[in-house]
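J.: Below you'll find the structure I mean.
The values are calculated or read from the model by the stated rules, or taken from the named source; none is laboratory data. Quantities reported herein were computed from a predicted structural model and do not represent experimental measurements. Quick reminder, even Gly has a Cβ in these numbers, built from the backbone with ideal geometry, and neighbours come from all protein chains shown. Just the protein is used for accessible areas: all its heavy atoms, side chains included, with ligands, DNA and RNA removed. Shrake-Rupley method; radii C 1.70, N 1.55, O 1.52, S 1.80 Å.
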Number of protein chains: 2
Amino acid sequence: MANSQFKRGELYSFITGLASTAIARRLQKNFKQHGIDITIEQWSVLYHLWKKDGLSQQELCSATFRDKPSITRLVDNLEKQKLVKRVASVKDRRINLIYLSEIAMGLRDQTMDLANRTLNEALTDVTADEIELCKTVLQRVYDNLT
Amino acid sequence: MANSQFKRGELYSFITGLASTAIARRLQKNFKQHGIDITIEQWSVLYHLWKKDGLSQQELCSATFRDKPSITRLVDNLEKQKLVKRVASVKDRRINLIYLSEIAMGLRDQTMDLANRTLNEALTDVTADEIELCKTVLQRVYDNLT
DNA sequence: TTGAATTAGTTGCATAACTAACTAAATATG
DNA sequence: CATATTTAGTTAGTTATGCAACTAATTCAA
């Protein structure tokens, strides 16, 4: 039995995603301390736009594993803060293409640096092999359920 | 360097806690399909009360890694649904002790069973060793940040 | 080519998260 | 003993999530 060692008490912290919550909280705090006024969730959207600007909301849904309403509202808030702009696609007018503002482009390097530093803190004494294994296991878990 | 293999692109899904979100969503769906009308977060509070009834809100904060306002409102909602009751401590009137109702006690076995089954689904083809390693790594990550 | 089905995105409602500011009770200090 | 500090819990405001129901544009099919 693959799962016999996974007892109820341990199950809980796995489900709540303790480690990822702790990392997100710390990163949020680091953003704030550096006067960067965006949430982790907003940052995760920007992250994908930095890789490829002009994604559609639907593409952002897939990239961030969020549902459509979540992306609608994240883009709403990013637009309010003048970090992105919705541009209706000419080819298919149902589609909104999301473009970064100058301000958002300027946030890239600083926030990436903070993210990397936060992660280095979190992963002190964790080896590359361990990270690799965790990643593949968590990916398999995800795939099993989707 | 322990972290050299942990690239930016990978960082993201680690932070969002993909796997734990997927498990939580699936468990929520399973609850719903069995007519159990509680959220995962409420369940996580009940979980600790099933282990030890009559915890204070502060103890529930530590046990669930949530802050005080979160517990206040989770208990609010659990009370509305008549699943728990706040009882002021006689020894220290600042403290609310939280007690399970009969209804909540009755939910224990059924929801535990659903949780275990959900986890078995999620952990198909994941070995006990892999689970053990993930757990210790995630715990170390958490400890590094707290 | 017209009506049905699909796809992209929005809106409404309930729950939950974090921060900051607050009240009330208990403890410490002087 | 009186005041200051700490501790337990609540309230308010903003953001985010999930679900269901919705609109509008596009594509498919009879």
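J.: With respect to residue A:128, determine if the residue is among the aliphatic types (A, V, I, L, M) and over 16 Å from the mean Cα position of the chain (by Cα).
T.: Yes.
Residue-by-condition table, conditions (1) at the interface with chain B (Cβ under 9 Å from one of its Cβ atoms); (2) under 30 Å from residue B:141 (Cα atoms):
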site	(1), (2)
A:45	no, yes
A:58	no, no
A:64	yes, yes
A:80	no, no
A:85	no, no
A:95	no, no
A:98	no, no
A:139	yes, yes
A:142	yes, yes
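J.: I've got another one for you. Please go through segment A:13-32 and pick out each residue that is open to solvent by 20 Å² or more (accessible area, probe 1.4 Å) and not in a helix (DSSP H, G or I).
T.: none
J.: When you go through (1) open to solvent by less than 80 Å² (accessible area, probe 1.4 Å); (2) in contact with a helix residue (DSSP H, G or I) (Cβ under 8 Å, 6 or more places away or on another chain) one by one for residue A:97, which number turns out not to apply?
T.: Against the list (1) open to solvent by less than 80 Å² (accessible area, probe 1.4 Å); (2) in contact with a helix residue (DSSP H, G or I) (Cβ under 8 Å, 6 or more places away or on another chain), residue A:97 comes up short only on (2).
J.: Going by the conditions given, is residue B:51 within 14 Å of another protein chain (Cβ to nearest Cβ), more than 7 Å from DNA strand C (Cβ to nearest atom) and surrounded by fewer than 14 Cβ atoms within 10 Å (Cβ to Cβ)?
T.: Here the answer is yes, as residue B:51 does meet what is asked.
J.: A further question on this structure: Go through segment B:114-131 and give me each residue that's over 29 Å from residue B:38 (Cα atoms) and either facing chain A (nearest Cβ under 7 Å) or in contact with a His (Cβ under 6 Å, 6 or more places away or on another chain) (or both).
T.: Across segment B:114-131, the qualifying residues are B:125, B:127, B:128, B:130.
J.: Filter segment B:73-94 down to residues that are surrounded by 15 or more Cβ atoms within 10 Å (Cβ to Cβ) and of a type in the set (Val, Ile, Thr) and give me whichever is farthest from the chain's Cα centre (by Cα).
T.: If we take residues in segment B:73-94 being surrounded by 15 or more Cβ atoms within 10 Å (Cβ to Cβ) and of a type in the set (Val, Ile, Thr), then B:84 is farthest from the chain's Cα centre (by Cα).
J.: Kindly indicate which of A:78, A:107 is more than 20 Å from residue A:19 (Cα to Cα), in contact with a strand residue (DSSP E or B) (Cβ under 7 Å, 6 or more places away or on another chain) and either aliphatic (A, V, I, L, M) or at pLDDT below 90 (or both).
T.: None of the other options fit; the residue is A:78.
J.: Going through segment A:41-60 one residue at a time, which ones are hydroxyl-bearing (Ser, Thr, Tyr) and over 16 Å from residue A:109 (Cβ atoms)?
T.: Answer for segment A:41-60, where residues must be hydroxyl-bearing (Ser, Thr, Tyr) and over 16 Å from residue A:109 (Cβ atoms): A:44, A:56.
J.: Quick one: which of A:31, A:14 is within 14 Å of another protein chain (Cβ to nearest Cβ), more than 11 Å from DNA strand C (Cβ to nearest atom) and at pLDDT below 95?
T.: A:14
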